[in-house]
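Colleague: Sharing a structure, written as structure tokens. Questions coming.
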Amino acid sequence: IAQSYLRTSNYDLAIEHLNSIDNLNETQKSVYQKVTYQKAILAYNDAIATEAEMLFIESLKHTSDMRLSNSAHYHLGEIDLSANSFNEAIKHYNSQSFIDILSEYSLGYCRYNKQQYTEAILHFNKSMNSEHQEISMDSRIRFADCLYATKSYQEALNTYRTVAEKTNLPYLIFQSGMCLRRLDRNSEAITTFGILSNDNRFGAKSRYQVGMIQFESAQFDEAE
């Protein structure tokens, strides 16, 4: 009966039927895992996070299908990551039997947001190999950000410039300028910041950095 409800997407009826049984056999446990998982996915796709979370946890009561268990942990991790519950998210991602590239990417952000940059580097280094262009590109940028945060300025600069060859984002130019400044290559930094002098988002920040470089070099008129 429960399998029939599952096939016809009557998830509530299937769950209700299975909950009326005191001791589920292995087949019934498998159906319970599937039906609660499927309903959780619907809630997740509809952005009903609380319901989705509850149902994913329900689906993990029975783990006959490891693929579904891994996916439930992944989605629970995504829900916790969105809620800035980074420690809980990390637990869920690591509860999977296999950590795929998407999970590595999300783990990178968990560590990044916790300012655990050395650990984040390891995750982003793996997720850079994603076949999804957007994830691969963003992973490279965050990888460079982590290098910058750990004061590996030359490596960060190289990475920012490599990414900039594919997408000339103002952020990459600004961060390249910051790396050059940290490396005491001030004339190059001024030239790099100059590219953004009229940029809506980074113009003021770039002019400020040039002013600070000039101020620290006792070029007070230029700095002013």
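The values are calculated or read from the model by the stated rules, or taken from the named source; none is laboratory data. Small disclaimer: the values here were computed from a predicted structure and weren't measured. Here the Cβ is made from the backbone with ideal geometry for all residues, glycine too, and neighbour counts use every protein chain on show. The accessibility values were calculated without ligands, DNA or RNA, using every heavy atom of the protein model including side chains. Shrake-Rupley method; radii C 1.70, N 1.55, O 1.52, S 1.80 Å.
Colleague: Just in the stretch 69-142: which trypsin sites (Lys or Arg not before Pro) are loop by DSSP and have at most 15 other Cβ atoms within 10 Å?
Modeller: Those satisfying the criteria are Lys114.
Colleague: Continuing with the same structure: Any chance you could list P(r) for the stretch 78-168, counting all Cα-Cα pairs in 10 angstrom bins from zero, rounded to whole %?
Modeller: P(r) over the stretch 78-168, rounded to whole percents: 19, 48, 28, 6.
Colleague: Rounded to two decimals, what is Rg over Rh for the stretch 126-224 when you use alpha-carbon atoms and the Kirkwood radius?
Modeller: Ratio of gyration radius to Kirkwood radius for the stretch 126-224: 1.03.
Colleague: Compute the angle between helix 66-82 and the longest alpha-carbon principal axis of the chain, please, reported from 0 to 90 degrees and rounded to the nearest 10.
Modeller: Roughly 50 degrees, rounded to the nearest 10.
Colleague: Ratio of the stretch 11-104's C-alpha Rg to 2.2 N^0.38 Å, to two decimals?
Modeller: 1.08
Colleague: So what is the accessible area of the chain per residue, in Å², with the probe set to 1.4 Å?
Modeller: 56
Colleague: How far apart, in nm, are two points set 7 Å out from the Cα along the Cα-to-Cβ line at Thr63 and at Ser20?
Modeller: Going from the Thr63 label point to the Ser20 one covers 3.1 nm.
Colleague: Counting pairwise Cα distances across the stretch 1-62, what percent come out greater than 17 angstrom?
Modeller: Percentage above 17 Å: 33.
Colleague: Below 17 Å, Cα to Cα, which lysines can Lys29 reach? Residues fewer than 8 away in the same chain don't count.
Modeller: Leaving aside lysines fewer than 8 places away in the same chain, those within reach of Lys29 are Lys39, Lys61.
Colleague: Okay, moving on. I need the calculated FRET efficiency for the pair Asn10 and Asn94, taking r as the beta carbon distance and R₀ as 35 Å, to the nearest 0.05.
Modeller: 0.50
Colleague: Tell me the carbon and sulfur percent of the accessible area for the stretch 82-129, rounded to whole percent, probe radius 1.4 Å.
Modeller: Percent of accessible area from carbon and sulfur atoms in the stretch 82-129: 46.
Colleague: Oh, and also: Mind checking the stretch 118-188 for GluC sites (Glu not before Pro) that DSSP puts in a loop (not H, G, I, E or B) and that have at most 11 other Cβ atoms within 10 Å?
Modeller: Answer in residue order: Glu131, Glu165.
Colleague: Sequence gap at least 6, Cα distance under 8 Å: using those rules, report the relative contact order of the chain to the nearest whole percent.
Modeller: About 8 percent, as a whole number.
Colleague: Looking at [x] -0.97, -1.26; [y] -0.89, -1.18; [z] -0.83, -1.39, which value of log10 I(q)/I(0) by the Debye sum over Cα atoms at q = 0.14, 0.18 Å⁻¹ comes from a calculation on the structure shown?
Modeller: Here log10 I(q)/I(0) by the Debye sum over Cα atoms at q = 0.14, 0.18 Å⁻¹ agrees with entry [y].
Colleague: Please report the net charge: other residues with Cβ closer than 13 Å to the Cβ of Thr63, K and R +1, D and E -1.
Modeller: That sum, taken over residues with Cβ under 13 Å, equals +1.
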